[in-house]
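The values are calculated or read from the model by the stated rules, or taken from the named source; none is laboratory data. Keep in mind it's a predicted model, so treat the numbers as computed, not measured. Cβ placement follows ideal geometry from the backbone for every residue including glycine, while neighbour counts extend to all protein chains displayed. Keep in mind that these areas ignore ligands, DNA and RNA; they rest on the heavy atoms of the full protein, side chains included. Shrake-Rupley method; radii C 1.70, N 1.55, O 1.52, S 1.80 Å.
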Amino acid sequence: MRALAFEHLRPNPIGVYGDVLDGRGIAVDRIMLDEGEAIPDWRAYDFLVVMGAGANVWDHDEYPWIAPEQETIREAVLAGVPYFGVCFGAQLLAAAFGAHSYRGMEAELGINQVFLTAAARRDPVFRGFPPDLDVCEWHSNHFELPMGAIRLARSPRYENQAIRFGRVAYGIQCHLETSREDLEAWLELFPDTVGLFESRHGAGSLPGFLDDYGAFVPRLRETGRQLFGRWLENALALGNLAGTVRALRTVKPRGAEPARTLVGRDRELGRIENALTAARQGGSAVIVVRGEAGSGKTALLDEAVARARGLMVLRTGGADRDAEQRFVGLAELCEPLRDRLEHLPGARAAALASAVHPGAAPRVLDRYAVYAGLLDLLTAAAEETPIVVVVDDAHLLDAASAEALPFVARRLRIDGIALIIATESDDGLSEAEELRLGPLDPAYARALLSIRFGAELAPSVVERIARTGQGNPLALLEIAGDLTPEQRRAEAHLDGTLPPSAEWAYLRRIEALPSDTRRALLLAALAGDGRRETVTRACMTIGLHPAALDAAARAGLVEQDATQVRFCHELARTAVSYSALAAERRLAHSALAEAVDGEDRLWHQAHAATGPDDAVADGLERLAMRGRDQGAYAAAASALERAARLTSEPDRRAERLLGAAQCAHLAGHVHAALDQLGEALEWVS
């Protein structure tokens, strides 16, 4: 087998991806297109890998090789040839299938985070990776999602950080292969990026970043090898190798979705009211609300809770930071019913208590015993008072809690329970009644702005916001909220000032805050439980006054009271984490580790570590064993893999990687298990 690699920049070679191919005995032909080398016939190759460039995909006149390269990519991908595109390679994949490419409002530079989507958590290549990945970003160009493609990762600045087209064509906007020397060569080739970086992070910040980046490269490349290795395994299983021409079935776009919002959303609210009525009358109903971030899912759930007269409300929600934990969502859901556990059959009660009560003795059990205990608990409670179970951001739940939802949903009959679930995922719960929230049409967008801002917004400004916000309710409100009073009244110019999304609005507000406020805000973003006491202690550890958060509250990013610090939206929280340097995140985790105890301290210590730490590794292994005994295999695999990374002794590291592989296999994360097995073998003495 042979792979064809298109390279466009000497300091961005195929690198570690070529090492993975070589390890599988796959030869690579490397073509430097910007140096005049001809494009060979793609039909002679089994794989196509396309790397980064110092060019814009639309500059066909300046770079005449772009158009034929783009056509080659289109032909090969339609024929089913496995494709892996990096940065410029991802942009070319999008452009080959008609997506618009453009220069972004701001560059992404540094060690940044990208956040996996709900689709990624079911994707054969991305499944099993943590929900927030540290990557190298060094670009200012971006692209829209091609018709028929799947978004797999996003960031607050650019929403298409990883995409899949068909089954075996993948593009990543970030870099997982770049060495420190490569990055320094980029800075010499593109010196304007030095000023851009230091304007964002402070004069003289670049040398320190480069040192930090050099230390980060081994972990970055490890992620690169894992991702590319999983892509290769997927390509070997599903790709059309040996260049046989076979066009993939064209994915037809869906018809336009009807506009939906709480303004005039009688049909959606009517269906929710029917579910609540069914529960009140002793029946059951399951509704899944699907939509992108900011589409109004939480508002719809809030309205469901407001209408739940005569029903007991049990509510929980997922968050990116919960992915490493076990049964977090389930524990929150069961908390109001804790005193009823003793009335369940002994085995079911013990299984559920072991999972959701921190102090309960661990038991070796099948996780389905936990889910059966949850079902018994809900149905028993509903015999006294009908229940509505509300789950927000279900795609962000920890794996063990997420599995409980379809288990319970499939078994509800005449139980007096309404189950309403909101998610960004298009998968799962196929038997539930579905409410899909599309973008608002212009009339509803204008109505939403009118309800929220009244006469503050001039008609021309309303029209401009409605066009920019693209029907996303959160984006509409945050874009309007970001304007000055003069801009709202159309007394100040708007050209070039409107952020294109809610996340861009959040990023602008974050970057306008004083440095102490940004540091305190990062502590709140990484704290997990949002407890005011935790954030205050962490602030004091690094010499910050807790009042530093007041500026963030005035900016509308957080709400505070005596006990909690709450972000206005999960997108605001992830934007704070994303906008910080990796070294700043480690410092924040270190401070938080001093402010908490128990499992939370261990996880913060693990995130703060810069090298082996056997004490933390031992603690994570204990957590993993408890999770394994409870059937939370995905959480156990994550803890064991993290423990292995922090283990100094090679054989002990191999043992922990083997344990992680066993747990990942039981969780259904086969590619992750194979990665961990392969790495374990490398460490055996």
Query - Whole-angstrom gap from the stretch 452-483 to the stretch 132-196, using each part's C-alpha centre - result: 30
Query raised in the report: Whole-Hz Karplus ³J(HN,Hα) for the stretch 85-101, in order, using 6.51 cos²θ - 1.76 cosθ + 1.60 and θ = phi - 60°, x for Gly and Pro?
Result: x, 10, 6, 4, x, 5, 5, 5, 4, 5, 5, 4, 10, x, 7, 6, 10
Requested in this report: Mind putting a number on the dipole of the stretch 546-633 about its Cα centre? Charges go on the C-beta only, +1 for Lys and Arg and -1 for Asp and Glu, and I need it in Debye to the nearest 20.
Outcome: 260
Report task. Order these peptides, 270-277, 426-433, 110-117, 199-206, by their mean beta-carbon neighbour count within 10 angstrom, highest first. Result -> 110-117, 270-277, 426-433, 199-206
Query - Contact order normalised by residue count of the stretch 297-432, Cα under 8 Å, 6+ apart, percent - result: 34
Query raised in the report: Quick one: Karplus J couplings for the stretch 671-680, per residue in order, coefficients 6.51, -1.76, 1.60, θ = phi - 60°, nearest Hz, x for Gly and Pro?
Result: 4, 4, 4, 5, 4, 5, 4, x, 5, 4
Query raised in the report: If you take the C-alpha gyration tensor of the stretch 55-202, multiply each eigenvalue by 5 and take the square root, what semi-axes do you get, largest first, in whole Å?
Result: 24, 21, 13
Report task. Report the semi-axes of the equivalent ellipsoid for the chain in whole Å, largest first, where each axis is √(5λ) for an eigenvalue λ of the Cα gyration tensor. Result -> 38, 32, 27
Query raised in the report: Where does each of 12-24, 649-661 land if you order them by average Cβ count within 10 Å, highest first?
Result: 649-661, 12-24
Query raised in the report: Carbon and sulfur together cover what percent of the accessible area of the stretch 326-450 at a 1.4 Å probe radius?
Result: 50
Query raised in the report: Along the charge dipole of the chain, Cβ charges K/R +1 and D/E -1, which of S295, L677, C539 sits furthest on the positive end?
Result: S295
Requested in this report: Just the number, please: carbon plus sulfur as a percent of the accessible area of the stretch 49-194, 1.4 Å probe, no ligands or DNA/RNA counted.
Outcome: 49
Query raised in the report: Percent of accessible area on the stretch 484-584 owned by carbon and sulfur, 1.4 Å probe?
Result: 51
Query raised in the report: In square angstrom, what is the accessible area per residue of the chain with a 1.4 angstrom probe?
Result: 41
Query - Positive dipole terminus of the stretch 4-134, leading residue within A120, G25, P11 (C-beta point charges) - result: A120
Query raised in the report: In whole Å, how far is the Cα centre of the stretch 206-235 from that of the stretch 15-77?
Result: 21
Query raised in the report: HN-Hα J couplings of the stretch 301-311 from phi, Karplus 6.51/-1.76/1.60, θ = phi - 60°, integer Hz, Gly and Pro as x?
Result: 5, 4, 5, 4, 5, 4, 8, 7, 5, x, 10
Query raised in the report: With charges only on Cβ, +1 for K and R and -1 for D and E, what is the dipole size of the stretch 577-685 about its Cα centre, in debye, rounded to 20?
Result: 200
Report task. Report, in debye and to the nearest 20, how large the dipole of the chain comes out about its Cα centre when Lys and Arg carry +1 and Asp and Glu carry -1 on their Cβ. Result -> 1940
**Report entry** Selection from L657, A492, L437, by position along the positive dipole direction of the chain (Cβ)
**Finding:** L437
Report summary line: For the chain, averaging the sequence separation of alpha carbon pairs under 8 Å that lie six or more residues apart and dividing by its residue count, the contact order in percent is 11
